[in-house]
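Notes follow the structure.
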Amino acid sequence: MEYSVVISRFDPEKDRSPYYQEFLVDAAPHERVLDVLLQIKSEQDSTLALRKSCGHGVCGSDAMLINGENRLACSTLVKDLESNRIKVEPLPGAVVEKDLIVNTDPFWKKYQAIMPYLINDEPPPDRERLQSPKEHEIIEESTRCILCGACTQACPTSWANEDYLGPAALLKAYRFIFDSRDQAKQERLRKVASDHGIWQCYTAYNCVEACPKEIDITWHITRLKKASLGL
């Protein structure tokens, strides 16, 4: 089946602003948008710039705006778009470096700010720090995050406030704040309850709709709000 693939193009070395370019591609319905983009890059325009790595919905590197929704190109089948016209753009709200590649430095800076690692000053055990299934259940959903950035770049607060930590960083903070093995709960709570943290979330639920792992991010942020109030 032939698809019309309209891609946002931008090369800062020669373009003053982004523009759209159309490609006609023959693809089977079960193929992924990533397959279509790589076919274009291989057969029609080798200058097309995009990020991709594992290709299996694990690394999160190929998040982009596909037919108006933040999605993973490697997890989106062309048949599921229910149209023979595919429009592909970089994630909204981020600085475009080239074509479908955005600058992720601000995203990772906010991620690092919440100390995304286990903090425990007790002497390490011989094997590992144990956690019961019930304790792990509290954080299990948050551990599914692949840090693709789709949620953060779908968030209206992130668009309006460049200092806002964003859904992904706050979700990762939840993952450690509620980890029974971690000892830095209060320090992290102070960080997420700052002027650019949890209280800037207005429960628009854009992050939930954008998450490719179907994580209820807004629920987790609400839990952080309650924890910061001692509830």
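Just so it is clear, none of the values below were taken in a lab; they were calculated from the coordinates. Note that the structure is predicted; figures quoted are calculated from it, not measured. Virtual Cβ from ideal backbone geometry, glycine too; neighbours counted across all protein chains shown.
Legend: ranking of residues LEU38, LEU231 from fewest to most surrounding C-beta atoms inside 10 Å; resulting order LEU231, LEU38. Charged side chains reduced to their Cβ positions (Lys and Arg at +1, Asp and Glu at -1) give the chain a dipole of some 680 debye around its Cα centre.
For segment 105-228, the number of Lys pairs with C-alpha atoms closer than 15 Å, counting only pairs eight or more positions apart or on separate chains, is 12. Residues whose amide H lies under 5 Å from that of ILE86, counting only those 5 or more places away or on a different chain, are SER4, VAL5, VAL6; hydrogens are built 1.01 Å from N in the peptide plane. Per-residue Cβ neighbour counts within 10 Å put HIS136, HIS220 in the sequence HIS136, HIS220, beginning with the fewest.
Remark on segment 1-110: hydrodynamic radius 14.2 angstrom, per the Kirkwood mean of 1/r across alpha carbon pairs.
Relative to one another, the C-alpha centroids of segment 187-202 and segment 56-76 are positioned 28 Å apart.
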